[in-house]
1. Would you mind finding the one in ALA44, ALA48, ALA55 that is within 27 Å of PHE156 (Cβ to Cβ) and either at pLDDT below 95 or within 10 Å of the chain's Cα centre (by Cα) (or both)?
2. Just to check your reading of the model, which residue among ASP66, ASP109, ASP60 is under 21 Å from PHE156 (Cα atoms) and either over 17 Å from the mean Cα position of the chain (by Cα) or modelled with pLDDT under 50 (or both)?
3. Here's a check for you: in the stretch 89-119, which residue that is within 18 Å of THR68 (Cα to Cα) and polar (S, T, N, Q) is most open to solvent (accessible area, probe 1.4 Å)?
4. Among the residues in the stretch 128-137, are any out of contact with any strand residue (DSSP E or B) (no Cβ under 7 Å at 6 or more places or on another chain) and at pLDDT 95 or above?
5. With the requirement that a residue be open to solvent by 20 Å² or more (accessible area, probe 1.4 Å) and either under 19 Å from LEU126 (Cα atoms) or part of a strand (DSSP E or B) (or both), what does the stretch 69-88 give you?
6. Among the residues of the stretch 120-155, how many are part of a loop (DSSP other than H, G, I, E, B) and surrounded by fewer than 17 Cβ atoms within 10 Å (Cβ to Cβ)?
Amino acid sequence: MVLSGSPQPRPAPGTHARRSRCYDPGPFRSWRNVPAEEPALTDAARGARVAFRVAVIEDDSVVRHDLTRILEDPGYRVIAIADGENGLHAVHEHQPDLLLLSLAAPRVDPLELVRRLRQDHRTAMLPILALTERTSFDHRIQALDAGADDVILKPFHEPELMARVRNALQ
């Protein structure tokens with residue numbers, strides 16, 4: 001409901017908006033939709049907003065591009081890598097807040113990569129979401145036993161993926 005001015009546009013499909021009371025400092029008071037914000041860190045020293053960093057290790061370029069777009073839209077900073085060996089170096093170099101790892105990533109066995117990250121004190125607490133096309137229950141259990149925090153089946157639904165990302169970053 002808008003009390004003054006023109007109606008606010010509806011949020012785009014796939015985006016989440018919450019209804020909030022906001023005072024419009026203009027000449028009239030109005031109710032308006034305020035886009036829901038993704039979680040972010042606040043740098044107390046500068047008062048600046050700092051986005052979470054997410055590393056994506058995915059061998060399929062189309063899925064890697066889709067994941068990058070999905071994560072960047074709400075403001076996450078994404079580091080996208082095509083294979084496990086370069087992914088391991090990127091994780092140590094960029095120190096992301098979350099890792100999305102395809103269990104089909106080449107050059108280093110992804111389960112071994114998870115084990116290495118868990119054994120390293122710098123990355124032992126890094127949330128890891130494993131992505132897999134295999135529907136086998138045993139395959140998912142292997143990923144969890146190796147140290148992954150969650151397993152997401154491909155093809156994934158964007159709202160579910162984002163919910164799991166938000167949950168992992170809390």
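The values are calculated or read from the model by the stated rules, or taken from the named source; none is laboratory data. Since the model is a prediction, treat every value here as computed from it, not as a measurement. Cβ atoms come from the backbone with ideal geometry, glycine included; neighbour counts cover every protein chain shown. These accessible areas exclude ligands, DNA and RNA; they are computed on the full protein's heavy atoms, side chains included. Shrake-Rupley method; radii C 1.70, N 1.55, O 1.52, S 1.80 Å.
1. Exactly one of ALA44, ALA48, ALA55 is within 27 Å of PHE156 (Cβ to Cβ) and either at pLDDT below 95 or within 10 Å of the chain's Cα centre (by Cα) (or both), namely ALA55.
2. Residue meeting the stated conditions: ASP60.
3. GLN95
4. Within the stretch 128-137 (the criterion being out of contact with any strand residue (DSSP E or B) (no Cβ under 7 Å at 6 or more places or on another chain) and at pLDDT 95 or above), the answer is no, since none of the residues qualifies.
5. ARG77, VAL78, ILE79, ALA80, GLU85, ASN86, LEU88
6. 11
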